[in-house]
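Visitor: Before I ask anything, here is the structure I am working with.
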Amino acid sequence: MTTAILNERRQQVHRTGQGPMDLACNRDSLAGAVSQRACVFCGSRVVLYPIADALHLVHGPIGCAAYTWDIRGALSSGPELHRLSFSTDLQERDVIFGGEKKLTAALNELIDRHQPKAAFVYSTCIVGIIGDDLKAVCRAMSEKKGIPVLPVQSEGFKGNKRSGYLAACQAMFQLIGTGDVTGIPATSVNLFGDFNLAGEIWIIREYLKRMGVAVVANITGDGRVDDIRRCHGAALNLVQCSGATMDLAKMMQESHGVPFIRVSYLGIEDMADSLYRVAEFFKDCDPKIMDRTRELVRDELNKLLPELAMLRRDLEGKKAAIYVGGAFKAFSLIKALRHLGMQVVLVGSQTGTKEDYEELATITDPGTIIVDDSNPLELSAFLKEQAVDIFVGGVKERPIAYKLGMGFCDHNHERKIALEGFIGMAHFAREVHRSVMSPVWLFTSRKITASTRPIIKEAVA
Ligand code: SF4
């Protein structure tokens with residue numbers, strides 16, 4: 001194994017087929033390794049950020065807010081208050097004398113000016129150190145303004161990004177159960193863990209509409225506070241990004257009796273399977289739902305498959321690497337890349353669980369590197385060793401790919417092209433094809449595979 005792996009990290013790397021799968025995960029990142037992960041605060045911010053009619057106030061130094069300003073390409077069909085990044089801009093004086101007065105003043109002014117439906121107040125590292133009583137300030141402000149003002153206990157140092165997801169779920173949970181559920185139909189769901197990147201949640205809502213299923217709340221893409229308040233009236237929760245919102249789904253099941261299923265809207269099988277599972281759940285109260293779902297899937301596949309077959313001709317045998325936030329997404333990506341005839345040789349995530357990694361070990365080919373909470377040094381070494389043609393990742397992985405002279409596909413929260421649904425699979429396939437087959441690789445130092453060179457040359461000519 002390469003020397004780029006620090007000794008303390010060796011238990012977080014596994015090669016499929018080489019020894020028993022016992023990957024260490026959900027650990028705090030190794031000091032000095034400059035992990036690809038973000039902090040606890042960032043974890044909570046990415047989950048709550050898309051709630052578009054809420055005020056999001058970051059209690060901390062300006063850098064925490066700047067770092068997460070407009071952090072997702074989460075679109076809204078209405079208000080866009082979420083896109084503003086408010087901060088109490090704590091300074092040295094506040095650190096010495098406390099920041100509660102400043103926080104109270106900021107909430108007063110911002111709530112009066114923007115009239116939000118609720119406010120989320122994020123705690124950052126320094127707030128955890130100086131000990132501002134966020135809960136007390138929020139409670140007082142909530143009584144004064146008559147809206148929910150919710151503390152998000154997300155001090156950056158108190159764990160890893162997963163702790164931030166939990167802090168976000170705990171904050172949202174305070175809203176659930178406070179709204180009127182009158183008029184919610186029996187065939188209804190909440191969408192958990194979809195952040196409406198490039199409008200993706202609208203694609204999924206459209207599919208569900210064609211099936212006859214109502215959506216009560218988007219949690220959180222294109223989210224609305226009033227919808228979240230009444231979402232306990234839905235019959236089922238569909239949990240996509242399990243790392244981010246699974247805690248909330250479990251809390252709802254326990255306290256409001258709403259069951260959940262895990263779904264994925266990426267790739268062909270997982271998209272279709274998710275719709276069929278929803279149809280299966282509701283088939284007793286709507287006997288025609290399965291027929292409508294079959295028709296929907298058939299129509300979409302008829303449009304999609306001919307184009308995929310064409311792109312596959314060029315991509316057959318090319319190598320791909322995946323590094324994503326939650327490992328669940330990686331399962332779908334592996335299947336999607338296989339549809340394009342590609343081989344996944346590296347797969348990793350920031351916040352995968354033991355079960356996720358065990359599942360990855362069973363579905364990947366022998367020799368595939370599986371890695372938890374990696375860093376640029378490791379990733380660069382693995383990508384070179386495996387002679388990867390395209391790296392599928394996020395904003396922090398992009399420079400690694402480009403510096404190594406290899407193709408990159410943005411599959412993270414900044415992207416501007418929808419990748420969910422059947423139409424998203426078409427977008428994904430086109431983007432992968434354009435990147436792998438770009439003539440630019442003829443002019444970089446990376447050795448492109450022998451089979452790719454003539455095809456690219458042909459494209460240039
Ligand atoms: S919360 Fe802490 S770790 Fe996170 S951005 Fe702010 S200072 Fe940095």
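Visitor: For the chain, take the longest principal axis of its alpha carbons; what is the angle in degrees between that and the long axis of helix 289-315, to the nearest 10 within 0 to 90?
Guide: Computed tilt is about 50 degrees.
Visitor: Return the long-range amide H neighbours of LYS318 (sequence gap of 5 or more, or a different chain), with a cut-off of under 5 Å between placed amide H atoms.
Guide: Amide H neighbours of LYS318: GLN343.
Visitor: Report, ordered by chain and residue number, the aspartates and glutamates lying within cross-link reach of LYS416, taken as a straight Cα distance under 20 Å and ignoring same-chain residues fewer than 8 apart.
Guide: Hits, sequence-local ones excluded: ASP70, GLU80, ASP194, GLU200, GLU206, ASP222, GLU397, GLU431.
Visitor: Would you work out the relative contact order for the range 124-269, in percent, from Cα pairs under 8 angstrom that are 6 or more residues apart?
Guide: Relative CO of the range 124-269 lands at 23 percent.
Visitor: All other residues with a Cβ under 12 Å from the Cβ of ASP112 taken together, and with Lys, Arg as +1 and Asp, Glu as -1, what is their net charge?
Guide: Numbers: positive: ARG113, LYS144, LYS145; negative: GLU109.
Cβ neighbours under 12 Å give a net charge of +2.
Visitor: What angle, in degrees between 0 and 90 and rounded to the nearest 10, separates the Cα long axis of helix 354-363 from the longest principal axis of the Cα atoms of the chain?
Guide: 20
Visitor: Oh, and also: Counting other C-beta atoms within 10 Å, which of CYS409, CYS285, CYS42, CYS64 has the fewest, and how do the rest follow? It would help to have the intermediate numbers written out before the result.
Guide: Numbers: CYS409 25, CYS285 11, CYS42 20, CYS64 28.
Arranged by neighbour count, lowest to highest, CYS409, CYS285, CYS42, CYS64 become CYS285, CYS42, CYS409, CYS64.
Visitor: While we're on this one: For the chain, what proportion of DSSP beta bridges, expressed in % and rounded to the nearest 5, is antiparallel?
Guide: Numbers: 4 of 47 bridges.
Antiparallel bridges make up about 10 percent of those DSSP assigns within the chain.
Visitor: When the helices in the chain are scored as -39500 (n - 2.57) per DSSP H run of 4 or longer and the sum is shared across all residues, what 222 nm value do you end up with, to the nearest 500 deg cm²/dmol?
Guide: When only DSSP H runs of four or more count, the value is -13500 deg cm²/dmol.
Visitor: Given H placed 1.01 Å from N in the peptide plane, which residues other than close sequence neighbours of ASN196 have an amide H under 5 Å from its amide H?
Guide: Distant-sequence amide H within range of ASN196: ILE201, GLY221.
Visitor: Separate question: Which ordering of ASP132, ASP180 is given by a fewest-first count of other beta-carbon atoms within 10 Å?
Guide: Values: ASP132 23, ASP180 10.
Lowest count first: ASP180, ASP132.
Visitor: Which links in LYS329/LYS354; LYS161/LYS329; LYS102/LYS396 stretch past 24 Å when you go from one Cα to the other?
Guide: Beyond 24 Å: LYS102/LYS396.
Visitor: For the range 268-341 and the range 379-440, what is the separation of their Cα centres, given in Å?
Guide: 19
Visitor: Calculate how steeply helix 134-145 sits against the longest principal axis of the alpha-carbon atoms of the chain, using the helix alpha-carbon long axis, and give the answer as 0 to 90 degrees to the nearest 10.
Guide: Between helix and principal axis, roughly 60 degrees.
Visitor: Still on this model: Over all directions, average the projected area of the Cα convex hull of the range 54-208 and note it in nm².
Guide: Across all orientations, the range 54-208 yields a mean hull projection of 10.3 nm².
Visitor: What percent do you get for the relative contact order of the chain when only Cα pairs under 8 Å and 6+ apart count?
Guide: Values: 947 pairs, mean separation 80.1, N = 461.
Over the chain, the number comes to 17 percent.
Visitor: So, one more: Can you sort PHE443, PHE86 so the residue with the fewest Cβ neighbours within 10 Å comes first? Write down the numbers at each step before the final one.
Guide: Values: PHE443 7, PHE86 21.
Ordered from fewest to most neighbouring Cβ atoms within 10 Å, PHE443, PHE86 come out as PHE443, PHE86.
Values quoted throughout were computed directly from the atomic coordinates according to the rules given, and no laboratory measurement underlies them. Predicted, not measured: the structure shown is a model, and the values here were computed from it. Ideal geometry is used to build each Cβ from the backbone, glycine not excepted, and the neighbour counts take in all protein chains shown.
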